[in-house]
1. Look at residue 126 and say whether it is out of contact with any strand residue (DSSP E or B) (no Cβ under 8 Å at 6 or more places or on another chain), surrounded by 16 or more Cβ atoms within 10 Å (Cβ to Cβ) and at pLDDT 95 or above.
2. Please work out if residue 121 is more than 16 Å from residue 95 (Cα to Cα) and touching a helix residue (DSSP H, G or I) at 6+ places or on another chain (Cβ under 7 Å).
3. Looking at the stretch 78-139, what strands (runs of 3 or more DSSP E) fall wholly within it and have at least 1 residues that are in contact (Cβ under 8 Å) with a residue 12 or more places away in the chain, over 23 Å from residue 64 (Cβ atoms) and under 19 Å from the mean Cα position of the chain (by Cα)?
4. Can you list the strands (runs of 3 or more DSSP E) found entirely within the stretch 145-246 that contain at least 2 residues being buried (at least 16 other Cβ atoms within 10 Å of the Cβ) and in contact (Cβ under 8 Å) with a residue 12 or more places away in the chain?
5. Quick one: which residue in 79, 86, 91, 99 is under 24 Å from residue 230 (Cα atoms) and buried (at least 16 other Cβ atoms within 10 Å of the Cβ)?
């Protein structure tokens, strides 16, 4: 009886071994699970910001243009957009959160400006002397944006390349050394001063003012929504090219 029990145990063990071997062969012969292809090596993100409506403006041309780019791809870069509030000291937090979340290589901020496209060259550490209230009804909270901060910070946008590109497309644009003293300048300054963590990996950053929708374009015609979108795309493309380097 003991001999028969031993034989049965050997048969069970042998059967299990054969079963495991068959399963192993089946798994190795099976096709690999279908996985999504890896992203292209140069696949990156560009963050494009604009502002909500303010004052007498029922809409903000900067946001009306920028929001059309959400989720699109420009020069192999995925576009992420962000709408900012027109409130003092309320710009830096959402800006940093978006940078931390999306790790952009390029950040281009837009706002509503004057009579044409202005590529801003310097952000100033200060407010307008008239100290206008923000959309929350509050005046500037201090004498300067960042106590102890640099008086002015220069853009890293490729200003000359952007202006040449827009001129070639017959879209009116100029450089500017005065971004104003309202929220556009604050956004510009805080963007340029953003440091630490993934913010240090931003290659190109800066600010551009757009005119209002359907304003006369000194290059001819008017700044339609489509023309402004063409301009914004060109600005983003030139910024990406600058981030890639020569």
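The values are calculated or read from the model by the stated rules, or taken from the named source; none is laboratory data. Computed from a predicted structure; not experimentally measured. So basically every Cβ, Gly included, is an ideal-geometry build from the backbone, and we count neighbours across all protein chains shown.
1. Details: out of contact with any strand residue (DSSP E or B) (no Cβ under 8 Å at 6 or more places or on another chain): yes; surrounded by 16 or more Cβ atoms within 10 Å (Cβ to Cβ): yes; at pLDDT 95 or above: yes.
Taking the combined requirement at face value, the residue satisfies it.
2. Details: more than 16 Å from residue 95 (Cα to Cα): yes; touching a helix residue (DSSP H, G or I) at 6+ places or on another chain (Cβ under 7 Å): yes.
The answer is yes for residue 121.
3. Working: elements: 106-112, 117-120, 122-124.
Passing ranges, in order: 122-124.
4. Result: 173-176, 204-210.
5. Only one candidate passes the filter, namely 79.
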